[in-house]
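Before any comments, here is the structure.
Throughout, read-outs are computed from the coordinates displayed, never taken from laboratory work. Keep in mind that what you see is a predicted model, and the values were worked out from it rather than measured. Every residue, glycine as well, gets a Cβ built from its backbone with ideal geometry; the counts of neighbours run over all protein chains shown.
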Amino acid sequence: MAKHRIKVVELFAGVGGFRIGLEGASDAYETIWNNQWEPSTQHQDASIVYQARFGTKGHSNKDINLVPTNEIPDHDLIVGGFPCQDYSVAATLSKSGGIEGKKGVLWWQIYRILNEKGKKRPQYIFFENVDRLLNSPATQRGRDFAIILASLADLGYVVEWRIINAADYGMPQRRRRTYIVGYQKESVVANKIEQMEDWVKFDGVLAQAFPFRAKDESVSAFNIHGTIQEVSANFNKGKKDSPFGNAGIMRDRHVYSVEANPVYEGTIQTLGDNLVDEDFVPEEFFISEEELPKWQYEKGAKKIKRVSKEGFEYVFSEGGMAFPDYLDRPSRTMITGEGGNAPSRFKHVVQTPSGRYRRLIPIELERLNMFPDNHTYHPEVSDGRRAFLMGNALVCGIVQEIGKSLYRFIYDEAPVSTHPIHLQRNPRPVLTLDLFADEKELVVNKPKKTYKLDSTKRLLIGLVKKDNEEYFLNQEPSKLYYTGNVGLFPSTIALNKLYYFMPHIKGKGIRDLYLIKIVRVGSKTEIHPEVEDDKAPRLVFELEYLESLPEYKMISLNFQHAFTDTFLGRVLNR
């Protein structure tokens, strides 16, 4: 049972990307109520998948416009990727309706809920939207975002934001989105904000989760004046560019922002790292020789003469796209039209080792958003709709890192999760008791990572206690390694020099290689609450799995026959 509890309400829930990311961040996050309603379709695919994966408790499949605020339980954190079709990458910005468009008005449902909650409104907010939000609409750059910030300021929130491209931080898709995190002014987090500039660049929740360097001479600081109606009518009127940088903060309607250049030195995932073996791909996903020229035309550069509605002739032109898609890079941004076999400029096409061309299957689309394999699998949901659901989804890894950072700021301790984002949620029957009885587990190769091993970096080899051996025999993407009492860890080992870790299984030796992401002080009760009497401080290594040796190697352990501090090259060259 989690020591802390953060009650979460998830709006515009889709298939649960926020929930998966937050559960992956900490067991403290508990989604107590969620809403998913798609007005444009009778068949509620996202809601069906959400209930199948997380159960029906607290789930609302009803138009949020019709849900009274008193039906939404009080909560600590409200999250959601509020719909953005009016100013998404799928439409040109000049044609977008902005926040006044048909879908844009759903922002006011968030405002309505926060406003009507009054003194019981949540301490924290966390939203996601397209990157163009900061520039929308084309006729009045930045107005929509100014309205959102002014609205939240009037409700007592301090707000920070950041446009993050998931691929800039090692994730497998080039997906740029605006992430908005806010804190009630009397909250624990808001009280930690001293200088707005330092918070944006170094100290804040988003800066700690996703470090960056500020672009020189990119500071923009100003106040948002007037009522919401006046902001809507006058903000930045007549100006060519939006005043909002891609990283910033707003407190009491005062804005400070900069342009951020990402900083990241970890492992990366490419499109190729997330593909399944060719043998697992159904035949209908392969492109026939007859259809191939149509795909090549769609992907190629072209100039086409067209006539406007007014009768003017013009030339429509577009550049060529990579065909097939590059396997050694993160994928292009996935859109809702990814599904179906019709030739398209925007769908991904890869070339297999045998030389054939094919589209991506649903499990690969899920991986590009860092969802568990087969998360959207359901007998009532077609492959085309599964692709649509992923085109609408967010990258769970971004939410996980922001969730971890927010937890640290609230509780001043490291977050611990027993539900990492790659872990499949158990399907639960919702229509009939045997709904999933015939479901067969799809056995496919796991995603990989792209990295370079450095033989000159230091490697720690640590003995795994008997009760933890089974845990380390399973090659999962992330692990926690707990030493014995911190006082027994060799003082001659420089923690800041350690880079890699290999667990030593008694009687077997070493096999699996991990990257050390964090070394901290903790206790075994973090993931073993049953040993509540064991509160001795231990060193905790947070690890990321890289690869395994072909077979176990025996190696002698030095310090107390429990640890060896060496170089990676010594082990690889044995």
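Here are the numbers for the structure shown:
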quantity	calculated
Debye intensity ratio in log₁₀ form over the Cα atoms of region 272-359, taken at each q of 0.17, 0.18, 0.23 Å⁻¹	-0.78, -0.85, -1.24
Most to least packed among 209-219, 29-39, 255-265 [average Cβ atoms within 10 Å]	29-39, 255-265, 209-219
Estimated 222 nm signal from helices in the chain, with DSSP H stretches of n ≥ 4 weighted -39500 (n - 2.57), rounded to 500	-5000 deg cm²/dmol
Between region 281-307 and region 371-386, the alpha-carbon center distance in angstrom	25 Å
Projected label distance in nm at Ser220 and Asp454, using a 7 Å step from Cα toward the beta-carbon	3.6 nm
Bins of 10 Å, starting at 0 and running to the largest distance - Cα pair percent for region 458-572	14, 50, 33, 4, 0
Loop-located GluC sites (Glu not before Pro) in region 302-343 whose Cβ has at most 16 other Cβ within 10 Å (DSSP)	Glu310
In region 246-390, lysine pairs with alpha-carbon atoms under 22 angstrom apart (chain gap of 8 or more, or interchain)	7
Reduced Cα scattering model of the chain, Debye log10 I(q)/I(0), q = 0.05, 0.13 Å⁻¹	-0.23, -1.51
Protection-proxy order for peptides 489-495, 476-482, each taking the mean of Cβ atoms within 10 Å per residue, highest first	476-482, 489-495
Residues Ile20, Ile48 arranged by fewest to most Cβ contacts within 10 Å	Ile48, Ile20
The chain, relative contact order in percent, only Cα pairs under 8 angstrom and at least six apart counted	13 percent
For region 237-318: relative contact order, % (alpha-carbon pairs under 8 angstrom, 6 or more apart)	13 percent
Cα-based reach from Lys62 at 28 Å (exclusive), listing lysines while leaving out same-chain residues under 8 positions away	Lys7, Lys102, Lys103, Lys117, Lys119, Lys120
Lys62-Leu327 pseudo-label distance in nm [points 7 Å out on the Cα-to-Cβ vector]	5.0 nm
Volume of the Cα convex hull of region 445-486, divided per residue and given in Å³	113 Å³
Of Lys449/Lys517; Lys215/Lys240; Lys466/Lys508; Lys466/Lys524, those spanning more than 18 Å from alpha-carbon to alpha-carbon	Lys215/Lys240
